[in-house]
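Just below is one structure, and these are the notes that go with it.
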C-alpha cells in the first residue's frame, strides 16, 4: 500500500521529540511537549477553544463509524455527569470477525521496526494533541471532571503519559542490536563465527480496559506501550466513558492507514448496557496483554483468570497522609484542602485517611490539638470551596450514583467534622456537585477500622486519631500492605518521623510526598518524572512508567547462522 | 559491622568487569571473563585440576555446615549418576526461623545501592570461578554430565549467565537516577520545584528452585538477578543435585559477611527425601520471586498457585529441526549427531523431532531419500560415538531412572533407525551410559503424533517423515504453539523455506539456528549474546537474559519534597 506518510517523513517530524522524551525519562527533570494552557492551541493545525467546543458539539447525536470489520450493530447511552445525553453511537463488534482482522496487519507492523512504530505513535499523539480542546469536552462529559482539569489531565498530561510509554517501549526494544557478529576464539583453530539477528516480536493483541474517571490518562500508557512494541490494540472503554477513547481509536486508525499500515491494528470494543464483555475479551486466546484500571475486585479477577495474557492492573488502594508536625501550618492546610477537593476526591491518588496524633501536633503557629487540626482543615476546605464558581471549577461533578451513595453513607460512619454541601452548577443544572465530607474516627476503636481500612472512593476522608507517630507508622504500614496505596503523604519536621515514614514506604513500596505546602499536590504525578503507583503493593501491579511496564509486551527472537 | 572488604575495594576490583559485561549485553559480541580451558586455572588464587579434585574429594562424606539460623537437622542422600554416594549432608531449615532471619539484612542490602550489590555479586562469582575445578566435579557427580561439559557448562558458562544477570539487574536499576531536580515553569509566577529521590527497593525473598541437570547454569541467572536487585535469596536445590548450589550458597554467605552484610541474605533449603518443600516454600508470603527450571507440570503449578510471587519458569518443550536441503551434507550430519549425543540429549535445548520430507532432500552430494538421510544420520552418530572413551566424554551418564525408562520405551514407538547401545565407563562402573536412539515416525499417521508431540526428555529423537516443507512448517508451528520449544533448527538452501521457518519462529517466538554445520550447536547458547528461550512460547515464560527477566524483581520508590 502506498503510504501518504512515509517513514522518512515521520522520523524527520518526530525523532527530535522522541529523543527529548528519552532524555527526560533518563534525567526525570521537568519536560513536556504538550502545552497545558488552553490559549496555546489554535495554530499549526490545532483547534482553539471555540473550534474544539464546536467539534465536540458536532459529535453529539452522531454515529461514530470507525470503519471496523465485523461491526454487527451500534451502541450508545452515555449520559454526562453534567446531565446531558451524548447520543453518540459506536460500532459493536463481532469478535470472531474483528479479532482475526486485527491480526492481519501485525506482520507488517512488526517488520516496520521499533523506530517507525514509535514515530507513528507520536503522529497519533500529535493529532490528538491538536484536538485537545475537543477531547477536553469529551473527557469532561464522561468523567465529570471540571473543564480545566479535563483539559489538562485528559489532554496534555494524558498525552505525556502516552509519549512516556512510547519512549520506554522504544528504548527497551533497541537495547538489543538488530544484528551482531559473534566471533569466539578457539586457540590455534579457526574461531567460531556466527551472524545473529535479533527481532522484537509482539505478543499478540493487547486489550485496554478503560475506566470511567480518567479514560485517556489511564488508557494511553497501556495503549501506546502495546502498540509501540508491535502489538495490535483493542480498546474496551468503560460504558460511561466511551467517547474519549473512541476518538483516540479513530485518530490512531487514521494515522495507521496514512502511514501504510492496517488501520485494524487499533480497534474499539464498545458494549451494550450490561453486556459485560470485558470478561469474555480478557480470556480470548488472541488477547495476550491486558491493561486495566478499575476496581480491585475485577483487577484481581483478571490477574487470576486471564492466564494467557500479561496483565497490568491499577486497582484501588487506601491512601494515607500522616500529619505529625509542620513548619507551615497554613500551607499544609491549603495543600491538603486542595488535594481533598480536586475532582471531588475521585482520583485513585486522593488521600483518604489523615492520621493525626490524638495529643495534637506542633506547628509554626504553636501546638494544635487533634480537634483543632481537623477543624482548621475543615475551614480550609470550606474557604477553598466557599465561592460556587470556584467550587464548580475544582470539584467537577460526581461521576456516578455509587460515589454519591458512598458520600451520603459516610456521614454515618463517625462524627462529621465537615459536612458535604450540594452546589449548583449554573451551566449544567443536571450536574451532581458535592463538597467533600471529613469524618472523625478513633484509630483505637475496632468499629472505626472497618471504615478507614476500606477504600471509600469519592469525596470522603477520615481524620483518624492515633496514639502516637509510631502508631501512625504501624497503621500506615498495615494499610499499604493489606489495602495498597497509590500515594502516601506526610507532614513532619521530625527527622525521626520522616525516616520512619520513609522506611515504611520503602519497605511497602509506596510513593511518598513529604511536606507539600505549595502548588504540587500528593494526588498529582508528572509524566517523565514521577512514577504513578509502584507496582509493589496491592493497589497496582505495575507503575507508570518503567521498564517492567514495557519489557514483557514483546519478546526478542534470535536468528543465528554461521558467518 | 566492620567490613573486611570495603565497597571501595570491591568497586575497584570489579567495576571494569561490570563495564565490560554492560558493553557485551549491548553489542552481543563474544565476551567472557571466565576461561573455558581447564589449564587456565591454578594461578591467582584459583584451584588447578588436581587441587580442584582434591577439594571435591575432601567434601565427600562431610557435613556442609553453612551456619544458617533455624537449622533443625541434616539431610543427605545424593548418589552420583556415576554410581558413587556423595555422602555430603546439608542443613535442613525450620522456615519459621530461617525466613525471618533472611529478611533481617535486607535493609542494609537495599541501602547499599545497585553498584555495591553488583560488585558483591561479582566477588561471589569470582570466588566460584576460582573453584571451578571443584565445582566441575560437583556438577559432574550430580548431573551426570561428562567432566569437560560439567567443567565448562557448570563452570565458566554458568558464571557467565550469572554475571549477565548482574549486568542486566544493574543497568535496570540505574536507568532511573538517584535524584532529580524538577522545575516546572508557571508563566509569571514562581516555578514549581521539587527534589525527588528514586530508590530501588527489593520485593522480598527470591526462591530459586534448582534442577537436576544444570544446577548452576540454570540456577545462577535467577539467584544473581534477585540478589543484585536487593532481594534475599533462598536456594532450594533438586534433591539429586544439592552440592553445586550448596557450595554456591556457602561462597555467597562468605562474601556477604566479609563485605559487611548479613550472610543470611543467601541461604539453602535442602530437603528430606520425599519432603517436597517446593510447594510449601513457593506459597509462603515471604517469597516474592520464584525462579524455576524443571517439568512443565510443576512450572504450571507454580504459575497458577504462587500468586504472591513473580514467577519465572523454564519448563519443557519439544524442539524441532527441519531438514529440507543443505549444501553441506556431511557438516549437517556431524553437527546434528553431536547435538543429539551431547550429554545424552538431556538438555532442554536438544532437538527431538527431525522433520524430513518423505520425498527426500537435496544436498551437495545429490538427492537423498528420507531413508538415506536417517540412515546417514544414524551412521554419523555411530561414528561419533564409536570409540568408548570419546562416547563417555560426550554422553556423560543417564541422570536418573526416569530417563533410562523413557529411552527403553522409545524403541517401541516406531521403527528403530539407530538402536541405543550400552557403554561401559571404566572409571565409574556404576554409571549408566547409553547412546541415543533414533526412531522413524510417519508424520501423517495419527498414532505417531502421540510420540512426537510429547516431550521425551533424554537421548531419544524422532525422524518424522513429512509430506512437504509446507507440512513441516505447519507441524513446526503447531509444535511450538502447543508444546513450546527452547530451540528450533533448520537446514535449507531454499530462500522460501528459510523465510517460512523464520516467519514461524517470529510468530511463535522461538529461537532459530539456521544451517549449523560447524562447531556451534543448536543446543548451546552463549551468555551476553544468545538468548536462552524466548519467554514467548509455552517452554518458558522468561528468556535468559533480558530486561523483562530483571525489571520486576525490584520496584522504584520515589520520595519527593519541595525544593
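A few notes on this one:
- Cα gyration tensor shape for the stretch B:52-158, rounded if a/c is under 1.5, else prolate or oblate: oblate
- Potential lengthening between residue B:85 and residue B:365 on full extension [0.36 nm per residue; Cα-Cα distance subtracted]: 95.8 nm
- Extension gain, residue B:111-residue B:450: 0.36 nm per intervening residue step, less the Cα-Cα distance, totals 116.6 nm.
- Distance histogram for the stretch B:442-563 (every C-alpha pair counted, 10 angstrom bins, percent rounded to whole numbers): 11, 35, 32, 11, 6, 4, 2, 0
- Entry note, the stretch B:320-514: relative contact order of 28 percent, from Cα contacts under 8 Å with a spacing of 6+ residues.
- Percent antiparallel among DSSP beta bridges (both partners in the stretch A:320-514, rounded to 5): 20
- Placing pseudo-labels 7 Å out from each Cα toward the beta carbon at residue A:8 and residue A:295 gives an inter-label distance of 5.5 nm.
- Start at zero, step by 10 Å, and the Cα-Cα distances of chain A spread as 4, 18, 27, 25, 16, 8, 3, 1, 0 percent across the bins.
- Using a cutoff of 8 angstrom between alpha carbon atoms and counting only pairs six or more residues apart, the relative contact order for chain A works out to 17 percent.
- Gap separating the Cα centres of the stretch B:508-563 and the stretch A:488-509, nearest whole Å: 36
- Treating r as the C-beta distance of residue A:63 and residue B:393 and R0 as 51 Å, the FRET efficiency rounds to 0.10.
- Modelled label positions at residue A:496 and residue A:427, each set 7 Å beyond Cα in the direction of Cβ, lie 5.2 nm from each other.
- Cα-based radius of gyration of the stretch A:425-466 once divided by 2.2 N^0.38 Å, which approximates compact folds: 1.59
- For the stretch B:69-143, the relative contact order works out to 33 percent when only alpha carbon pairs closer than 8 Å and six or more residues apart are counted.
- Cα-only radius of gyration and Dmax that characterise the stretch A:320-514, units Å: 16.0, 51
- Segment residue A:375..residue A:183, full-extension length gain: 61.8 nm, with 0.36 nm per residue of separation and the alpha-carbon distance subtracted.
- The protein assembly as shown: equivalent-ellipsoid semi-axes (sqrt of 5 x gyration tensor eigenvalues, Cα, Å): 55, 36, 24
- Share antiparallel - DSSP beta bridges, the protein assembly as shown, percent rounded to 5: 40
- Every helix of 4 or more DSSP H residues in the protein assembly as shown counts as -39500 (n - 2.57), and over all residues that averages to -13000 deg cm²/dmol at 222 nm.
- With respect to chain B, whose longest principal axis is taken over its alpha-carbon atoms, helix B:49-59 is tilted by about 70°.
- As a calculated quantity, the FRET efficiency between residue B:174 and residue A:330 at R0 = 35 Å, using C-beta atoms, amounts to about 0.30.
Rule-based calculations on the coordinates, nothing more; no lab input. Nothing here was measured: the structure is a model prediction, and the numbers come from that model. Here the Cβ is made from the backbone with ideal geometry for all residues, glycine too, and neighbour counts use every protein chain on show.
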